[in-house]
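Trainee: My structure is below; once you've seen it, I'll send some questions.
The values are calculated or read from the model by the stated rules, or taken from the named source; none is laboratory data. Predicted model only: the values in this text are computed from it and were never measured. Here the Cβ positions follow ideal geometry from the backbone for every residue, glycine too, while neighbour counts run over all protein chains shown. Only protein heavy atoms, including side chains, enter the accessible area calculation; ligands, DNA and RNA are left aside. Shrake-Rupley method; radii C 1.70, N 1.55, O 1.52, S 1.80 Å.
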Amino acid sequence: MTLERRCYACGVTTDQPYARCDCGEPLWFAVQPLEAWPALAELTGSIWRYEDVLPVEQPAGDLAPGATPLLSVPGLREETGLELWLKDEGRNPTGSFKDRGSAVGVGVALERAHEASTPAGDPARVATVSHGNMALSTAACAAAAGLEATVFVPEDIAGERLAAIGAFEPEIVRVRGDYGRLYHDALELGARHGVTVCNSDVPSRVAGQKTLAFELLEAVPDLDAIVLPVSSGGNASAVWKGLLEMRAGGLCTDLPALYLVQATACDPIARAYRASDDVVTPIDDDADTVAYSIANADPPSGTRALAAVRDTGGAVVSVDDDAILTAQRRLASVGIRVEPSSATTLAAITALCEGGALKSGDRVAGVLTGRGYGGSGGEPETTGRTRDTLDTVFSS
Ligand SMILES: *Cc1c(COP(=O)(O)O)cnc(C)c1O
Ligand SMILES: [Zn+2]
């Protein structure tokens, strides 16, 4: 199947497997109306439930991402006054929403390899550029489908993240120098060598990740707002596209407002929003924040994410590291584990309530995008009791 790719900004279409338009903006697959929720009999418990509006069929080897839990936390509802739901994307196969996009990206790579009839013994390859979660997800989904994977990671990537990615045995390339430019270099290399590059905001990834919006509205019709962290802008674009497809098919009339969140230390999209600009300009890449998964100084879909915010009547907010870590602890206090980048969602919800953008009784979904690797830094305190004093544990 060759689906038309389209530029959201200038409307140009192409049937070539390009990721970006000549105008500079990212392409996506043309909006496909979602006209009805799939019948219950078609419930697969994964993104493939929405196969009718996905660009490929479920690959034979697939990790079945999606269908993540929607949590309701009584304490947070009381504190915020909102009708609040939290979508726990950390419960995807490799711990983040990236699996939704990787699964479809891998499916597209398989299909292209099939069409090009790669010689036997020369398995198709998928590649990505990532700080962590996307490399992990792409490597795992490729392994499931029997594809080779190449991941480009920054030279100074944390050992714990590298070890997690390495478990799926992709080819790992550590790259020094301008990491932002690598996004474009990888697309170009892929086009030259016939490798499917599944970067953060390519059409196939956006297609897989739009199912997040479907799941939210299928579970909670009439949502007023969706809050999610933004880095490259790929996922925000995907949620927007999902909303447009539900509206085109008559499943939703008023789009919920999209509120996007960035870390104050690296917030080019929020800056453009505050300045009432229509275009996101890169900022200096020396950002240091606990929210490393969302620290992109030159977001390739930043301008598209901004368009999503304007179209839905939302906003882009920045939250600082103190607020992020406070939110991460608050979530842990109710049993929910997230990485700092995802805790930004709760930090932003708190700020939006205080600022009055979200009002008591609003129906709001916060997306917890990922669980993160290992510990969150620092040893926890222990009680210091010994075996000899065990019987004092419950008595003080
Ligand atoms: C990738 C990622 C994001 C940001 O998504 P973009 O599509 O790059 O905007 C947010 N949170 C987590 C946990 C991620 O892995
Ligand atoms: Zn264009």
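Trainee: Any idea what the relative contact order of the chain is, in percent, if you count C-alpha pairs under 8 Å spaced at least 6 apart? Could you put the intermediate results ahead of the total?
Mentor: Working: 802 pairs, mean separation 72.8, N = 396.
For the chain, the relative contact order is 18 percent.
Trainee: With no solvent and one equal point scatterer placed on each C-alpha of region 143-206, evaluate the Debye formula and give log10 I(q)/I(0) for q = 0.19 Å⁻¹, two decimals.
Mentor: -0.86
Trainee: So how much slack lies between Asp278 and Thr13, counting 0.36 nm per residue of separation and subtracting their Cα-Cα distance, in nm?
Mentor: Values: separation 265, 0.36 × 265 = 95.40 nm, distance 2.20 nm.
My answer for the length gained is 93.2 nm.
Trainee: Restricting to bridges with both residues inside the chain, how much of the DSSP beta-bridge set is antiparallel, in percent to the nearest 5? Before the final figure, lay out each step's value.
Mentor: Numbers: 10 of 41 bridges.
Percent antiparallel among DSSP bridges in the chain is about 25.
Trainee: Principal axes first, then extents: for the Cα atoms of region 233-337, list largest minus smallest coordinate on each axis, whole Å, largest first.
Mentor: Cα spread of region 233-337 along its principal axes, largest to smallest: 41, 37, 19 Å.
Trainee: Ratio to report: Rg/Rh of region 95-243, with Cα atoms as the point set and Rh obtained by the Kirkwood method; give two decimals.
Mentor: Values: Rg = 15.7 Å, Rh = 15.9 Å.
Over the Cα atoms of region 95-243, Rg/Rh equals 0.99.
Trainee: For region 1-155, take the convex hull of the Cα atoms, compute a quarter of its surface area, and give me that in nm², please.
Mentor: Working: hull surface 52.1 nm².
That works out to 13.0 nm², a quarter of the Cα hull's surface.
Trainee: Run a plain Debye calculation on region 107-193 (Cα atoms as equal point scatterers, no solvent) and give log10 I(q)/I(0) at q = 0.11, 0.17 Å⁻¹, rounded to two decimals, same order as the q list.
Mentor: Here log10 of I(q) over I(0) equals -0.30, -0.70.
Trainee: Taking only the alpha carbons of region 171-283, what extent do you get along each of the three principal axes, in Å, biggest first?
Mentor: That gives 46, 36, 23 Å along the principal axes, largest extent first.
Trainee: Which percent of the accessible area of the chain is formed by carbon and sulfur heavy atoms (probe 1.4 angstrom)? Can you show the working numbers first?
Mentor: On the way: 8360 of 17300 Å².
That fraction is 48 percent.
Trainee: Between Ala30 and Glu78, how high is the FRET efficiency from 1/(1 + (r/R0)^6) when r is the Cβ-Cβ distance and R₀ = 30 Å? Nearest 0.05. Working shown, then result.
Mentor: Values: r = 44 Å, r/R0 = 1.45.
Calculated value: 0.10.
Trainee: Kindly report the accessible area of region 1-130 per residue (heavy atoms of protein chains, probe 1.4 Å, no ligands, DNA or RNA), in Å².
Mentor: Numbers: 6080 Å² over 130 residues.
Roughly 47 Å² per residue, with all protein chains present.
Trainee: To make sure I understand the rule: partners must be aspartates and glutamates, Cα under 16 Å from the Cα of Lys359, and not fewer than 8 residues away in the same chain. Which ones qualify?
Mentor: Filter leaves Glu78, Glu79, Glu83, Asp222, Asp224.
Trainee: Based on the Cα atoms of region 228-269, what semi-axes does the equivalent ellipsoid have, where each is the square root of 5 times one gyration tensor eigenvalue, given in whole Å with the largest first?
Mentor: Details: eigenvalues 129, 18, 5 Å².
Listed largest to smallest, the semi-axes of region 228-269 are 25, 10, 5 Å.
Trainee: I'm a student and want to see the number: the projected area of the Cα convex hull of region 66-142, averaged over all directions, in nm².
Mentor: Working: hull surface 27.4 nm².
Over all viewing directions, region 66-142 projects a mean Cα-hull area of 6.9 nm².
Trainee: For region 1-86, place one equal point scatterer on every Cα, skip the solvent, and apply the Debye formula. What is log10 of I(q)/I(0) at q = 0.19, 0.24, 0.26 Å⁻¹?
Mentor: Debye output, listed in q order: -0.94, -1.09, -1.17.
Trainee: Using 0.36 nm per residue, how much length does the chain from Glu160 to Arg91 gain when fully extended, once their Cα-Cα distance is taken away? Mind dumping the intermediate values first?
Mentor: On the way: separation 69, 0.36 × 69 = 24.84 nm, distance 1.95 nm.
Stretched out fully, the Glu160 to Arg91 stretch lengthens by 22.9 nm.
Trainee: Follow-up. Can you tell me the accessible area per residue over region 268-394, all protein chains present, probe 1.4 angstrom, in square angstrom?
Mentor: Ligands and nucleic acids excluded, the result is 51 Å² per residue.
Trainee: In the P(r) worked out for region 275-396, what percent of Cα pairs fall beyond 21 Å? Present the calculation step by step, with values, prior to reporting the outcome.
Mentor: On the way: 4023 of 7381 pairs.
The share of Cα pairs beyond 21 Å in region 275-396 comes to 55 percent.
Trainee: Here's another thing I want to ask about it. Relative contact order for region 43-144: what is it in percent, counting Cα pairs under 8 Å that are at least 6 residues apart? Show your work: numbers first, answer last.
Mentor: Values: 121 pairs, mean separation 27.4, N = 102.
So the answer I get is 27 percent.
Trainee: For Lys98, list the lysines whose Cα falls under 23 Å from its own Cα; do not include residues on the same chain fewer than 8 positions away.
Mentor: Once the sequence-local lysines are set aside, what remains near Lys98 is Lys87, Lys210, Lys241.
Trainee: Taking just the alpha-carbon atoms of the chain, what radius of gyration and Dmax come out, in angstrom?
Mentor: In order Rg, Dmax, the Cα atoms of the chain give 20.8, 74 Å.
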